[in-house]
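Engineer: Please find one structure pasted underneath; my questions will follow.
The values are calculated or read from the model by the stated rules, or taken from the named source; none is laboratory data. Just so we're clear, the structure is a prediction, and the values are computed from it rather than from any experiment. Because the Cβ atoms are built from the backbone with ideal geometry, glycine has one as well, and the counts that use them run over all protein chains shown.
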Amino acid sequence: MRGIKPVSIVWCLFLFFLVLILPCFSGCVKKPAGKEILMWLVGSEKQAQKITELGRDYYKETGVKVRCEAISWGEAHSKYLTSVVGEVTPDIGTMGLTWGTEFGNLGAMVDLQKDFPADLKDIEDSIFPGLSASTKFKDSVYAVPFDVSEYIMYYRTDMIGKPPKDWKELTSLLAELNRNGKSMIIDWGGLGWIGYSQFLWQAGGDFYNKERAAATLDTAAAETGMEFFTDLYKRYGVPKEEKPVEQGFKMGDYPIFISGNWKIKSLADVAPEINGKWGISQLPAGPTGKRTGFIGGRVMGVFSQSKLKNESWGFIKYLSRPDIQLKLYEATLESHDTYLPPNMKTWDILPMDATLKEPLKAQAMDSKGPPSLLGWDESTRYIDTAIQLIVLKGKDVKAALAVANDELNRRLKK
Amino acid sequence: MKPFAKEFNRQKWSYAFIGPSFILFTVFLIIPVFASLYWSFTQYNILQPPKFVGFQNYINIIFHDPRFWKAMINTAIYVACTVPASIAISLFIAVAIDQNIRFKNWFKTFFFIPSITSIIAVSVIWKWLYASGKYGLFNHALSSVGISPVNWLGVDWTLPSIIIMSVWGGLGYNMILFIAGLQGIPQVFYEAAEVDGASEWEKFRNITLPLLAPTMLFVTIMSIISAFQVFDAVYVMTYSSEGAVGGALDCALTIVAYLYDTGFQRFMMGYASALAYLIFLVLFVVTIVNMKLVEKKIEY
Amino acid sequence: MDINGIKELDRRDAVRASSKKQQQRTVKILVYIFLIAGSCIMIVPFVWMVVTSFKPLDEINTYPPSFFIRKPTIAAYRELFSIIPMGRYFLNSLFATTVITAANIFFCSLAGYAFAKHRFFGRDKLFLLLVGSMMIPWQVNLIPSFVIVKKFGWLNSFYGLIIPAMSGAFGIFLMRQFIMNIPDDLIDAAKIDGCTEFTIYRRVILPLIQPALASLAIFTFMAQWNNFVWPLVIIYSSKMRTIPLALSVLNGQFGTNFAMVMAGAVVATAPVLVVFIAFQKYFIKGIALTGLKA
């Protein structure tokens, strides 16, 4: 008796757990009755709740329920991946601008161009051209913009007066600032391809040729852009590593900086002391007269595994409407996650201060997104490396660009 | 016949004891491990079926991938610096706390607190400490004593900065293990040594260290494994808005950061799995050597 | 030896003893200084985290980070609890974590005992397999484990959260190392008394490894409470979320209400701190070990 009892305790516990487990083999995931769209939003819970609220109005219009859940940025990629593998994707997913192409090309997203060509055209015509170009992949479109984030220039009106209009004015301003131990910050993608891309475009160049058949980083324009961009670091004291932007701006050490539009909100929060003493402006024009900036944002698309494709697309169209975007804008105004609408018509009715709205809209009109092409995310690393080699290790601009160009071409052929 | 029956009986107990753990282990670890082992011989983007490519991934990694070697060297430096430093300091703390002193529990809690502090708070504070020029506390302190400021988060210093932060953050964890280990050392040994007039150092050298060997082996092996797989610290200190991890010119790219990049950012699961098995191979050799060395010592 | 000689020896002993006492005092003071200074360095980010969670909007995000509040407020906590149904998530986390911790203490110590003190066929190979399994970065096992859990139909359920984590290589390894320290004499004595293996485990082994069990409990609780990636991939409905999942979406892409994020972190940290403090009392000298083997 004594010899058996304890063993059986162990095994009983074991069996107990097995019994616990068994009922669940039948499957625990239940689908709710009725039509309900599930949308995942990369971003904050607050925005997600707002969209669920908007979904209630949508329910009244169409009888389709909408539930929006937030997922965090850092892990969104893994979450989407596993959900596709596990066949538990949401109906609508929002994601980074280039992910739509990535997932779509692997068959996980609905090709909107094929399934909803007419509606898609309406949306594409209404959003900023630079943005819509970035969502097209060959003949397919897997996602449409959910919001906009764009580059813009910030400057202290009390210290600088007028913002630099072109490269020349910028360098002469910086030279003057340098004499007083001050400089400029390039935030968000400094020492990386995003920072470089705008100077490349302003110089009249691009990453690839029109047909996307070859990389064009070996052109004179690419070189001019790179030369100017890296000189900002090498000769004009632009810091090579992360700086507390708002603080430097407030203290006047960096009375001018280039960053994303969300710094508007963050400056108001962090540096209320300088309220009214700063402004924003379009980026300085390059030798070609272009003031092109970088534009990005989140996109939304329908997953192939969705059983409610039409309804989901319906809600995406709904979220692309100016009146709805206006509501979203107003709802998130006070929160820390800025939302800028991608629809140009929304901007006509946007209740925003003109000193902010004008430059933001003008810049968005003259902006480009990342090239829409497979393996772009991988290629960016070679551009980053080239920039960092030039700035940090003093490598020759032409030679560094040539290497990057080869790598880009190699990836194009794959 | 009887000894055999007895032997069998004893083994039955042993298997019963390890049984529950091993069933879980097999289902949720061994099977996945074999799946990823298979993937390491394929080209696999997760969403489409894997394509068998033999040893191609391994060949590419070892012979055609400078990033792998860069990550390997960074990781080796990281392991070589954090593991000994962390073990030495945390052992020292554990011994200090284990003395006959007051507020023991407070000290234990304080030293453990970095392990439970939100990683966001930790990174905010450390980024402030490391910030360049007059913005950072370290540089402020350095310049006030006349040392020229260090570019802590620049290309040359990012890895050392991460190492310092990691050592700081990991002390509490090892300290707890050492304290637990110290509790198992019979007090009589120390009493006997005191009668012989042994100094504190002699007691530490001749009693504490040898009797702490199993704990030490555990801490060492676990520290090496987790240091080799460091990811979070690198991620929070070098994560850029474009989603790249590892800092400018890969100055702080570690092997698991690279694995994460290839597997989850670039959908190259086959390649990432091959990386994982190379990591395994290195760790396995290191651990076996470690065990052999320490277990030989324990046996005397 | 004459009387004077002995007196002389006594005197020397006394001097030596007093100088030793002096020395011990100095050591003790140094130890205190070291520990207090060390503690201060350790708790800085934690203090900042707590302080920030009580800051009003216009005081957060200051640079350099400030450790003082002019107008303390609990606005961040109020906002946090209004956005996130914290009660339910707290219960989810607490339930899963407690069950996992209890299961780990039991299964790991059981297996650790077998590995440390039993001789059975395949022991060393199995142990090596166990330790080896920790050397493969979990990232590559994420998707296969996910698929297995899905095949069992455990997605979005406590089963999926709990069962795969009920035992672990780390815990078994830890237990084995500590049980190895226990003298075989104790176990043999118990065997002579006619104890069964399970009684030995319960009556002899468990009481002696309390500090190790306490550390295992603390580590398991902490790891599971903060576990993020696994719940992230297997939990799909908002009702089943755990605390780290709920907190991860407080961040926007670029902007963050830091006070609220820190308030979330404080709420998430509190239970771990409680568990840590509660288990500290098990860090006591193994009573049965003193006086043995001397």
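Engineer: Among the residues of region C:74-117, what is the count of those that are of a type outside the set (A, V, I, L, M, F, W, C), part of a helix (DSSP H, G or I) and within 11 Å of another protein chain (Cβ to nearest Cβ)?
Structural biologist: Adding up the residues that qualify gives 7.
Engineer: Return the residues of region A:309-334 that are surrounded by fewer than 18 Cβ atoms within 10 Å (Cβ to Cβ), of a type outside the set (Asp, Glu) and in a loop (DSSP other than H, G, I, E, B); say none if nothing qualifies.
Structural biologist: Residues satisfying the conditions are A:321, A:333.
Engineer: Would you mention how many residues in region A:93-150 are of a type in the set (Asp, Glu) and under 30 Å from residue A:281 (Cβ atoms)?
Structural biologist: Residues that pass the stated criteria total 4.
Engineer: Residue check: is residue A:42 touching a residue at least 40 places away in the same chain (Cβ under 8 Å) and facing another protein chain (nearest Cβ under 10 Å)?
Structural biologist: yes
Engineer: I'm told residue B:247 meets every condition in (1) buried (at least 24 other Cβ atoms within 10 Å of the Cβ); (2) at negative phi except one. Can you identify the failing condition by its number?
Structural biologist: (2)
Engineer: Out of curiosity, is residue B:123 of a type in the set (Gly, Ala, Ser), part of a helix (DSSP H, G or I), touching a residue at least 40 places away in the same chain (Cβ under 8 Å) and in contact with a Ser or Thr (Cβ under 9 Å, 6 or more places away or on another chain)? Write out each step before concluding.
Structural biologist: Values: of a type in the set (Gly, Ala, Ser): yes; part of a helix (DSSP H, G or I): yes; touching a residue at least 40 places away in the same chain (Cβ under 8 Å): yes; in contact with a Ser or Thr (Cβ under 9 Å, 6 or more places away or on another chain): no.
Against the criterion (of a type in the set (Gly, Ala, Ser), part of a helix (DSSP H, G or I), touching a residue at least 40 places away in the same chain (Cβ under 8 Å) and in contact with a Ser or Thr (Cβ under 9 Å, 6 or more places away or on another chain)), residue B:123 does not qualify.
Engineer: Okay, moving on. Taking only region C:155-184 into account, find how many residues are polar (S, T, N, Q) and over 20 Å from residue C:142 (Cβ atoms).
Structural biologist: Residues meeting the conditions: 2.
Engineer: Additional query: Give region C:54-107 a look and list any residue that's among the small types (Gly, Ala, Ser), buried (at least 17 other Cβ atoms within 10 Å of the Cβ) and assigned by TED's automatic domain parsing to the domain that holds residue C:220, or say none.
Structural biologist: Matches in region C:54-107: C:93, C:96, C:103.
Engineer: Confirm whether residue A:22 is more than 7 Å from chain C (Cβ to nearest Cβ), modelled with pLDDT of 90 or more and farther than 23 Å from residue A:338 by Cβ. Quick ask: steps written out before the conclusion?
Structural biologist: On the way: more than 7 Å from chain C (Cβ to nearest Cβ): yes; modelled with pLDDT of 90 or more: no; farther than 23 Å from residue A:338 by Cβ: yes.
In short, no.
Engineer: So which pairs qualify, if the first residue must be in region C:120-141 and assigned by TED's automatic domain parsing to the domain that holds residue C:233 and farther than 26 Å from residue C:227 by Cβ, the second must be among the small types (Gly, Ala, Ser) and surrounded by 21 or more Cβ atoms within 10 Å (Cβ to Cβ), the Cβ gap must be under 6 Å, and the two must be at least 6 apart or on different chains?
Structural biologist: As it stands, the answer is C:120/B:14, since those pairs meet every condition given.
Engineer: For region A:397-410, does any single residue satisfy the condition of being surrounded by 21 or more Cβ atoms within 10 Å (Cβ to Cβ), among the small types (Gly, Ala, Ser) and in contact (Cβ under 8 Å) with a residue 12 or more places away in the chain?
Structural biologist: Scanning region A:397-410 turns up at least one residue that is surrounded by 21 or more Cβ atoms within 10 Å (Cβ to Cβ), among the small types (Gly, Ala, Ser) and in contact (Cβ under 8 Å) with a residue 12 or more places away in the chain.
Engineer: Taking residue A:94, is it in the same structural domain as residue A:321 (by TED's automatic domain parsing), of a type in the set (Ser, Thr, Tyr) and assigned to a strand (DSSP E or B)?
Structural biologist: yes
Engineer: Take the conditions assigned to a loop (DSSP other than H, G, I, E, B) and buried (at least 20 other Cβ atoms within 10 Å of the Cβ) and apply them to residue A:196. Does it pass? I'd like the intermediate steps shown before the answer.
Structural biologist: Values: assigned to a loop (DSSP other than H, G, I, E, B): no; buried (at least 20 other Cβ atoms within 10 Å of the Cβ): yes.
The answer is no for residue A:196.
Listed here are the residues, each with its yes/no results for (1) touching a helix residue (DSSP H, G or I) at 6+ places or on another chain (Cβ under 6 Å); (2) away from chain C (no Cβ under 12 Å); (3) at pLDDT below 85; (4) closer than 22 Å to residue C:174 by Cα.
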residue: B:185; (1), (2), (3), (4): yes, no, yes, yes
residue: B:188; (1), (2), (3), (4): no, no, yes, no
residue: B:218; (1), (2), (3), (4): yes, no, no, yes
residue: B:270; (1), (2), (3), (4): yes, no, no, no
residue: B:274; (1), (2), (3), (4): yes, no, no, no
residue: B:285; (1), (2), (3), (4): no, no, no, yes
residue: B:294; (1), (2), (3), (4): yes, no, yes, yes
residue: B:298; (1), (2), (3), (4): yes, no, yes, yes
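Engineer: Among the β-branched types (Val, Ile, Thr), buried (at least 19 other Cβ atoms within 10 Å of the Cβ) and at the interface with another protein chain (Cβ under 8 Å from one of its Cβ atoms) - does that describe any residue in region B:102-112?
Structural biologist: For region B:102-112, residues among the β-branched types (Val, Ile, Thr), buried (at least 19 other Cβ atoms within 10 Å of the Cβ) and at the interface with another protein chain (Cβ under 8 Å from one of its Cβ atoms): present.
Engineer: I'd like to check something: does region A:353-363 contain any residue that is in contact (Cβ under 8 Å) with a residue 40 or more places away in the chain, touching a strand residue (DSSP E or B) at 6+ places or on another chain (Cβ under 6 Å), crowded, with 18+ Cβ neighbours inside 10 Å and assigned to a loop (DSSP other than H, G, I, E, B)?
Structural biologist: No, the conditions are met nowhere in region A:353-363.
Engineer: While we're here: From B:63, B:25, grab the single residue that is assigned to a helix (DSSP H, G or I), within 14 Å of chain C (Cβ to nearest Cβ) and among the aromatic types (Phe, Trp, Tyr). Working first, answer last.
Structural biologist: Values: B:63 fails: within 14 Å of chain C (Cβ to nearest Cβ).
Unique residue meeting the criteria: B:25.
Engineer: Residues in region A:102-121: is at least one hydrophobic (A, V, I, L, M, F, W, C), in a helix (DSSP H, G or I), within 18 Å of residue A:364 (Cα to Cα) and at pLDDT below 90?
Structural biologist: No, the conditions are met nowhere in region A:102-121.
Engineer: Is at least one residue of region A:254-271 polar (S, T, N, Q), within 30 Å of residue A:85 (Cβ to Cβ) and touching a residue at least 24 places away in the same chain (Cβ under 8 Å)?
Structural biologist: No, that holds for no residue.
Engineer: Take residues that are within 13 Å of chain A (Cβ to nearest Cβ) and surrounded by fewer than 20 Cβ atoms within 10 Å (Cβ to Cβ) and tell me which of the helices (runs of 4 or more DSSP H) falling wholly in region C:127-243 contain 3 or more. Give the steps one after another, and end with the answer.
Structural biologist: Working: elements: C:138-151, C:158-162, C:169-180, C:184-192, C:210-226, C:229-234.
By residue number, C:138-151.
Engineer: With the requirement that a residue be touching a strand residue (DSSP E or B) at 6+ places or on another chain (Cβ under 7 Å) and either within 14 Å of chain C (Cβ to nearest Cβ) or assigned to a strand (DSSP E or B) (or both), what does region A:291-308 give you? I'd like the intermediate steps shown before the answer.
Structural biologist: From region A:291-308, those touching a strand residue (DSSP E or B) at 6+ places or on another chain (Cβ under 7 Å) are A:291-304, A:308; that's our starting set.
Residues satisfying the conditions are A:293, A:294, A:295, A:296, A:297, A:298, A:299, A:300, A:301, A:302, A:303.
Engineer: How many of the residues making up region A:174-200 are away from every other protein chain (no Cβ under 14 Å) and more than 23 Å from residue A:390 (Cα to Cα)?
Structural biologist: The total comes to 4.
Engineer: Restricting attention to region A:84-101, and to residues there that are of a type outside the set (A, V, I, L, M) and surrounded by fewer than 22 Cβ atoms within 10 Å (Cβ to Cβ), which single residue is nearest to residue C:231 (Cα to Cα)?
Structural biologist: Looking at the filtered set, the residue picked out is A:86.
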